[in-house]
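Peer 1: Encoded as structure tokens, here's the structure I'll be asking about.
Readers should treat all values here as calculations from the given coordinates under stated rules, not as data from a laboratory. Just so it is clear, the model here is predicted, and its values are computed rather than measured. Here the Cβ positions follow ideal geometry from the backbone for every residue, glycine too, while neighbour counts run over all protein chains shown.
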Amino acid sequence: MSLPGRLRKAVTRRRLLAGSVVLVLVAGLVGWAVWPDTPGWKATDQRITVRTGPAGDQPVELDTRFYLPRDRSGRVPAVLLAHGFGGTKDSVASDAESLADRGYAVLTWTAQGFGRSGGQIHLDSPDYEVRDAQRLLDWLAARPEVRLDAPGDPRVGVVGGSYGGGLALLLAGQDPRVDAIVPSITWNDFTNVFLPQSAGTTATGVFKKGWAGLFFGNGAATGQSALGSTLGAGGDAGAGGGAGATDPACGRFAADVCQAYLQLATTGVPDAATSAVLRKSSPATVLDKIKAPTLLIQGEVDTLFPLSEADANARGIAANGTPVRVAWFTGGHDGGAGPKTDQDRVKYLTLQWLDHYVKGDGAAPANSFTYSRVAGFSALDRGLVTNGYSTDAYPGLTGTGSTQVAIAGPAQPIANPPNGNPGALSSLPGSGGRLSELLGGVAGDVPGQFATFDSTPVTGAIEVAGAPTVRLRAASPTGEATLFVKLYDVDQSGAETLSAGLVAPVRLTGLPADIGKASEVTVTLPAIVRRIDAGHTVRVVVAASDQAFLTPARPAVYTVQAGSAITLPTVVGTPIANPQTIWRYVLAGLVLAIVLGLAVVLLVRRRLRRRRHDEVIEEYADTPLVVRDLRKAYGDGFVAVEEISFTVERGQVVGLLGPNGAGKTTTLRVLMGLTMPSGGDALVFGHKLGPGAPVLSRIGALVEGPGFLPHLSGLDNLRSYWRATGRPEADAHFEEALEIAGLGDSIHRKTRKYSHGMRQRLAIAQAMLGLPELLVLDEPTDGLDPPQIAEMRRVLRRYATDGRAVLVSSHLLAEVEQTCTHAVVVNKGRIVASGPVDEIVGDSPSVLLDVSDVPAASKVLEGLGVRSVTPDGPSGLIVDMNGTPRAEVVASLVRAGVDVDRVVPRRRLEDAFLALVGDNSRGSGDR
Amino acid sequence: MSAVEERPAVRSRAAGGAVGWRAAATLPVWAEVKRQATRRRTQLALGFMVLLPVIILIAFEFGSNNSDNNDQNGGGAFGSLVDLATSGGLNFALFCLAVSAGFLLVVVVALFCGDPVASEASWGSLRYLLAIPVPRVRLLAVKLVVALAYSLLALLILTATGLLVGTLRYGWHPLGSTVAAAIPPGQGVLRLLAVVGYLAIILMVVAGLAFLLSTLTDAALGAVGGAVLLWILSSILDQITALGSIRVGLPTHYSDAWLGLLSTPPQVDDLVKGAIAAVCYATLFWSLAFWRFTRKDITS
């Protein structure tokens, strides 16, 4: 078939239609997926000038954006949304949009000293940034869209992270108009933040130089920053509004803040002015004035503002009787926004808080405390996966219980490196979000600079949530020591993990030179959330250096000795139901639906099947085969069988005779249930044939050549075939079949090595297995040698006795003549002749002559008055005698001097067949 | 009970079948199992499942001398599966599964499921089975069940051999991973079985696709190759992040989710989603296969 023909066949109208439907569906889905939404809010950029400063007389222009929900009825509550350090109003755009979608008027602005706003960075100073925010509250109160509690008092919540969170706390402490605040990952006291002291002494802490430098560098540049980026900051680089010419050492920092940093970074010990600056910018000073309900969200992976900062805020605010709720998530200044589940939880808590306390919707949020713990990595995006937990109340940093783990190790000398170099690495400030690295143990201690104190493997898992404590003794020749205490979780293979990269810096003074005389201090380690699994060991490391902190410049050798146990606070939380759990029900429902659907389909099929196959047409109940008006047209319009009807009675061997492509094989395929007829039907013992019709089991068939498993022997093939019938082995009559096959020992060879004739014989034997009542054979003598053909004819004739019947198809006339009792001649899908072979074969009026001189003979014959003379080959003539006796013809020819080699009387069947084949021996196509 | 057993026989006579023929008795599952078991490709595929862990083991033995410098550069959190492979039998078996999951198992499953119908068609034996008659639905169902059984067997043989060989060489140790605590051996076996189970579910998509193609073509190679090609295509599309959420619908999107079973507690959310996708695809493909096969003319 030519290629265009194939194409035409493939692209039928139905396929075209189905293809188009699929295409339209896919296009529709993709279109729907990428169609942009119309936002439910409208944003206006505006530059607002506020009067700020201690006296409220310094004009500063702020770059603001005001979001209003599109469909709002009446006045709506407002949210003041502050950005993180180094960010701008754009850093919080997505948060603002989602709040606006929830029906809040949202005001975002770039804090002074950043982005396009004017002014300088005063570190959330009550006189500057906080005053700016108060003026913005005034501005909100003047908006006609914003709901008011009283004239000049808008209904407003303040939300912000880090620098913005600090602002929220300080503003709530300074302005009673604030109705609720949600500060996240923020600080309580800058002194504790930048000079942390984990030991229970009054000595000044250790300067957190890594973060402080980053903070300062960021403010000076006001470009995009790690600090800002942890809070999703974008921000344009310092196109500073009113900053004017600045000191290159200070950038946009206000002079007092800049001076404080320079002083602190140089000495590591704050002077009075520095302390005052740090103090002034700390929410710790105003906690007692905060009356706005506060939701504190703090990150568990935060070496800048650890959990203890939120804890201090929570205690301070709760002391006023103000509602406070605390939530921890796996993220922070080191950990980033955290995994999706944590982000969703934090967002939910925030909205719930605002909805109740600002909008006035929904029940009062519970007082419960939620946190999350790393469960592992997501296999798909390599992100973290955390499990959320909740407890009824905030337990603080001491847990709801505690476990003592004994640790052991001798007093060990450790060296303080000059100028802190080389130093241990515990965290990478500003690397924002590369949490997996922190968990994977980027931590590295420098040999000679640390002492270890190990526990034995813990017997049961410990769910640590809070700040562990350990007792420590140290001796130093200089009388002072700066130490870093860390808690490692060490697994069976020895891999140690420093939870969230958190370390406890300790500065001890007044130490003896001899460890024996040293007194114990209690060191409170940073709060962590971690499950220490059974079999792991707890390792306490005391190191002399850490790259994130400022350590004494002069080298020294300390001696350290940890106490005999570490106290691990524990919290056993209730797992928060994971919304993803819904998919499990979906899966269960899906499987159930499929099972039910399958059951229904099977039941319906069974019923239909029974109805279809139980029908018997009594008239033909005893007739092996009745074919009635059979028609088969293919999808491409080709008609293989136009109309064929015939009957095979018991005891008959019927030959289906026709040239190649007459429709014989198609007819037989219908009889085997392989092809569905387009019209008419075939009945076997009164049962209609079709795919899987039970009555097929009474037919043995060979159609279109043998089909055997090439890797099995002939015998195994027959056995395998019979096993597939599911019938008892005794019914197979293997002996008879094997005898018919006559393969001898070859029956044990693999069929792939068989000759064509051997396969053919084996196929006939297979068709006869079980001695079926109707045997259907397609070209059975194909490939057999003459003695085998003769034997096969005998076998077939004998087979049809006993009330059985045989249908043989062939394109060879002699074959049918010699084998069959009845014949059906088909051509071009129609029956040309049918009846008993004897009747059809009987003498015909024509004769075949072989003569020496064809032209002469023709002339003589025409004189005799025969009906027609047709040349047949170089010396043959086919003569329609028209009643003239054969003897007379021969005599006339001989008299005329024509030699006659052969006189063969022809029979009707041959005539009929030749007439068909003669004008139609090619081009009938493969049927 | 006897009444129940009588009925089908009676019915088959009523429906005109030969004595002893019952639709439900044709092509017994065991006969199909034997039919496939005698084939060289079945034996080779299953044999390779035994051979692969041994080859990997030998490779590790060769490589153990010079592996000092390449253990820190494994990409991502799960690059460490290689490092952990020699830490015990469980990890070794897991490693064998991990390296096979992406391609080898896909090919093997496609082979077992894409070949049975198409190869019968190409031998010409399909028409004789259908003329027995084995009802078409039954023929497909038996072929499918046996193909799935062989696929599962291959998966189990691979795991069991990996476990056996690995345990003999590296000992019986907890199932380790760098992302979570080592899992004690007893529970580790369960996790390993869960991984096998999840892989089996994911591979149902391949099985479905190959089986569908098997009913559409007479060329066994076309069915097997087609299924593998489409699987690879899906994997490639899944790499293109620009496709966004469309990727979630790809059958290969969750094919690595079994890694979630290594953490404590196991993360099963992605597994569930992967299973949903796999069940949907497999059901679709199998339904199409049955729908098509019960309606088409067998032309082989």
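Peer 1: Quantify how strongly other chains surround peptide B:121-127 by giving the mean number of their Cβ atoms within 10 Å of each of its Cβ atoms.
Peer 2: Going residue by residue through B:121-127 and averaging, the value is 6.
Peer 1: Among A:LEU743, A:VAL832, A:ALA856, whose Cα sits farthest toward the positive end of the charge dipole of chain A (+1 at Cβ of Lys/Arg, -1 at Cβ of Asp/Glu, about the Cα centre)?
Peer 2: Looking along the dipole axis, the top candidate is A:VAL832.
Peer 1: Hey, another quick one. Percent relative contact order of region A:618-837, based on C-alpha pairs within less than 8 angstrom and at least six residues apart?
Peer 2: 30
Peer 1: Highest GNM mean-square fluctuation, chain B, Cα pairs closer than 10 Å: which of B:ALA278, B:ALA18, B:ALA223?
Peer 2: Highest fluctuation of the listed residues: B:ALA18.
Peer 1: Further question on the same structure: If you fit an axis through the alpha-carbon atoms of helix B:104-114 and take the longest principal axis of the Cα set of chain B, what angle between them do you get, 0 to 90°, nearest 10?
Peer 2: With rounding to tens, the tilt is 0 degrees.
Peer 1: Which FRET efficiency, nearest 0.05, do B:THR299 and A:ALA790 yield, Cβ-Cβ r, R0 51 Å?
Peer 2: E between B:THR299 and A:ALA790, to the nearest 0.05, is 0.90.
Peer 1: Please work out the Cα convex hull volume for region A:401-575 and give it in Å³ per residue.
Peer 2: Enclosed volume per residue, from the Cα hull, is 110 Å³.
Peer 1: I would also like to ask the following. How high is the relative contact order of chain A? Use alpha-carbon pairs under 8 Å, at least six apart in sequence, and give a whole percent.
Peer 2: Rounded, it is 8 percent for chain A.
Peer 1: Continuing with the same structure: Cross-link partners among lysines for A:LYS347, C-alpha distance below 18 Å, same-chain residues fewer than 8 apart left out?
Peer 2: Those lysines meeting the cut-off are A:LYS359.
Peer 1: What whole-number distance in Å separates the alpha-carbon centres of region B:204-273 and region A:138-165?
Peer 2: Between the Cα centre of region B:204-273 and that of region A:138-165, the gap is 52 Å.
Peer 1: To continue, here is another question. Determine the shielding of peptide B:262-269 by partner chains: average, over its residues, the number of Cβ atoms on other chains within 10 angstrom of each Cβ.
Peer 2: 6
Peer 1: Per-residue mean of other chain beta-carbon atoms within 10 angstrom of the beta-carbon, peptide A:725-738?
Peer 2: 3
Peer 1: So how tilted is helix B:2-14 from the main axis of chain B? Cα-based, degrees 0 to 90, rounded to 10.
Peer 2: Long axis of B:2-14 versus the principal axis of chain B: about 60 degrees.
Peer 1: Could you size up the charge dipole of region A:544-655 around its Cα centre, putting +1 on the beta carbon of Lys and Arg and -1 on that of Asp and Glu, and report it in debye to the nearest 20?
Peer 2: 580
Peer 1: Tell me which lysines have Cα within less than 26 Å of A:LYS208's Cα, excluding those fewer than 8 residues away on the same chain?
Peer 2: Result set, ordered by chain and number: A:LYS280, A:LYS486.
Peer 1: Could you grab the relative contact order for chain B? Cα pairs under 8 Å, six or more apart, rounded to a whole percent.
Peer 2: Computed value for chain B: 22 percent relative contact order.
Peer 1: Packing-wise, with mean Cβ within 10 Å as the measure, how do A:108-120, A:532-544, A:196-208 rank, highest first?
Peer 2: Highest-to-lowest ranking by the protection proxy: A:108-120, A:532-544, A:196-208.
Peer 1: Enumerate the aspartates and glutamates that A:LYS632 could reach by cross-link, defined here as Cα to Cα under 12 Å, with residues fewer than 8 away along the same chain left out.
Peer 2: A:GLU642, A:GLU643, A:ASP681, B:ASP297
Peer 1: Given C-alpha coordinates of region A:618-837, what is the ratio Rg to Rh with the Kirkwood estimate of Rh?
Peer 2: 0.95
Peer 1: Once fully extended, how much extra length lies between A:GLU649 and A:ASP681, figured as 0.36 nm per residue of separation less the alpha-carbon to alpha-carbon distance?
Peer 2: Taking 0.36 nm per residue and subtracting the Cα distance, the gain is 9.8 nm.
Peer 1: Ranked highest first by average number of other Cβ atoms within 10 Å, how do A:628-634, B:35-41 line up?
Peer 2: A:628-634, B:35-41
Peer 1: Antiparallel versus total DSSP beta bridges in region A:1-160: what percent is that, nearest 5?
Peer 2: In region A:1-160, DSSP labels about 65 percent of beta bridges as antiparallel.
Peer 1: Build a GNM of chain B with springs between Cα atoms under 10 Å: which of B:PRO53, B:PRO184, B:PRO116 gets the top mean-square fluctuation?
Peer 2: Highest fluctuation of the listed residues: B:PRO184.
Peer 1: For chain A, what proportion of DSSP beta bridges, expressed in % and rounded to the nearest 5, is antiparallel?
Peer 2: Looking only at bridges with both residues in chain A, the antiparallel portion is about 70 percent.
Peer 1: Report, in degrees rounded to the nearest 10, the 0 to 90 angle that the Cα long axis of helix B:40-63 makes with the longest principal axis of chain B.
Peer 2: Here the helix axis deviates by roughly 0 degrees.
Peer 1: Bins of 5 Å, beginning at zero and ending with the bin holding the largest distance: percent of Cα pairs per bin for region B:27-293, please.
Peer 2: Result returned by the calculation: 1, 6, 12, 16, 17, 15, 13, 9, 6, 3, 1, 0, 0.
Peer 1: Using all C-alpha to C-alpha distances in chain A, build P(r) with 20 Å bins and read off the rounded percent in each one.
Peer 2: 11, 27, 15, 11, 18, 12, 5, 0
Peer 1: Relative to the Cα centre, what is the charge dipole magnitude of the protein assembly as shown, using +1 at the beta carbon of each Lys and Arg, -1 at the beta carbon of each Asp and Glu, and rounding to the nearest 20 debye?
Peer 2: Roughly 2100 debye, rounded to the nearest 20.
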